[in-house]
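To start, the structure under review is shown below, and the notes come after it.
None of the figures in this text is laboratory data; all of them are computed from the coordinates on show. Because the structure is predicted, anything quoted here is derived from the model rather than measured. When we count neighbours, we look across all protein chains shown, and the Cβ atoms used for this are built from the backbone with ideal geometry, even at glycine.
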């Protein structure tokens, strides 16, 4: 691994999956300010924004670009030429990266020997790339919480100690707080939640919520799926399962507390009564920087909290009646097996249906609950990838049956 001494001539090599999304673009901005510390080997994206992907690839002189949509390969190649011309290159003065396409392209790229793979893909499609990165022995900076949540033991039994570095702000905070004590001194993990845009509303006040309102997160700029998951608090439910799996803490010792200001990103309570919290402004830049550089910190990755300005912080109990998603996720995580995969898959279908105007806001979690109730978790000697993906497919079909929504492609 590269070290961060002044004059370091061996920058850490990085592969970024989901480079045109929120996490990927922020990671590249950070790397752009720290080119002496990082070298980007490859980028992957779904293929909906080939112009941005070409711009990123040329700017960082990457060796490989992967796109999930095989049909956009020619469009991507043309985008490279257009971007090179825009940047003032004469023909022949730039090298086009190798292009790999298809549904397994990100997995192939994730297996590239490197120091860090940042998985910023959204949704369950991130599972195979996560496994590919781990099997290749790469350090995995994990922003794709879904792959760990649905994979569960399929993922954890492949992980070497220290191989996964969390990029979710809450889990990054916990990882930092855990430096303050031994594992056997931990009493509980406390995940903080902003409460989303509907904090304080009762269930009866959420029936007419619009997509635009659900996308108005009070603190973070994120992709639409994650933002809506934050509004329903499904995101916090996924994070609860993720925390249990990442840190080996029993589900009943992982709690959620509402903290609207999001100055405290999460906390660890130790058995002597001490609680350690991690504080920083609400930005993803810091956890991304830690994910790329762990265990080292990158100077000035994020501005610190402004202690010279007066502020008031609140900590509130979670309203489980208005926002039952966390309790539902706890149930899925406790059942184990394929239940978390069913929870996540049904939610992805319902979020898309809500975005398409075919399902009301409250119908998202209500439908997920019905699908989870209908799912009989078999007993597995050893859960496999095929088991997980079969449950994922079943849950999507069942969610569409309940909602009457036809299959669509997630944006």
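Under a point spin-label approximation (7 Å from Cα along Cα-to-Cβ), what is the residue 297-residue 311 distance to one decimal in nm?
Result for the modelled spin labels: 1.6 nm.
Over all distinct Cα pairs, what is the inverse of the mean 1/r for segment 128-234, reported as the Kirkwood hydrodynamic radius in Å?
Details: mean 1/r = 0.0614 Å⁻¹.
Taking every pair of different Cα atoms in segment 128-234, averaging 1/r and inverting gives 16.3 Å.
What's the Kirkwood radius of the chain in Å, using all Cα pairs?
Taking the inverse mean of 1/r over all distinct Cα pairs, the chain comes out at 21.9 Å.
Which of 98, 236, 358 has the fewest other C-beta atoms within 10 Å, and how do the rest follow up to the most?
Lowest count first: 98, 358, 236.
Beyond 15 Å, what share of the Cα-Cα pairs of segment 96-183 remains, rounded to the nearest whole percent?
59
Hey, if you drop one equal point scatterer on each alpha-carbon of segment 357-408 and run the Debye formula without solvent, what base-10 log of I(q)/I(0) do you get at q = 0.15, 0.21, 0.24, 0.28 Å⁻¹?
Scattering profile of segment 357-408, log10 relative to I(0): -0.48, -0.80, -0.95, -1.13.
Arranged by the count of other C-beta atoms within 10 angstrom, fewest first, what order do 392, 135, 386, 75 take?
386, 135, 75, 392
For segment 298-411, with equal point scatterers placed on the C-alpha atoms only and solvent neglected, what are the log10 I(q)/I(0) values from the Debye formula at q = 0.10, 0.20, 0.21 1/Å, to two decimals?
For segment 298-411 at q = 0.10, 0.20, 0.21 Å⁻¹, log10 I(q)/I(0) is -0.43, -0.99, -1.07.
Picking from 206, 318, 178, which is most flexible by a Gaussian network model of the chain using Cα springs under 10 Å?
Between 206, 318, 178, it is 206 that shows the largest mean-square fluctuation.
To make sure I understand, if each residue's beta carbon is the centre and we count other beta carbons within 10 Å, what order do 171, 259 fall in, fewest to most?
Ordered by Cβ neighbours within 10 Å, fewest first: 259, 171.
For the chain, what is the mean residue ellipticity at 222 nm derived from helices alone (per DSSP H run of n ≥ 4: -39500 (n - 2.57); sum divided by total residues; nearest 500 deg cm²/dmol)?
It lands at -12000 deg cm²/dmol.
Report Rg (one decimal) and Dmax (nearest whole number) for segment 194-317, counting Cα atoms only, units Å.
Over segment 194-317's Cα set, Rg and Dmax evaluate to 16.0, 47 Å.
With the calculation restricted to Cα positions, what are the radius of gyration and Dmax of segment 12-166 in angstrom?
For segment 12-166, the Cα radius of gyration and maximum Cα-Cα distance read 15.1, 51 Å.
DSSP beta bridges in the chain, what fraction antiparallel, as a percent rounded to 5?
Roughly 25 percent of the beta bridges in the chain run antiparallel, per DSSP.
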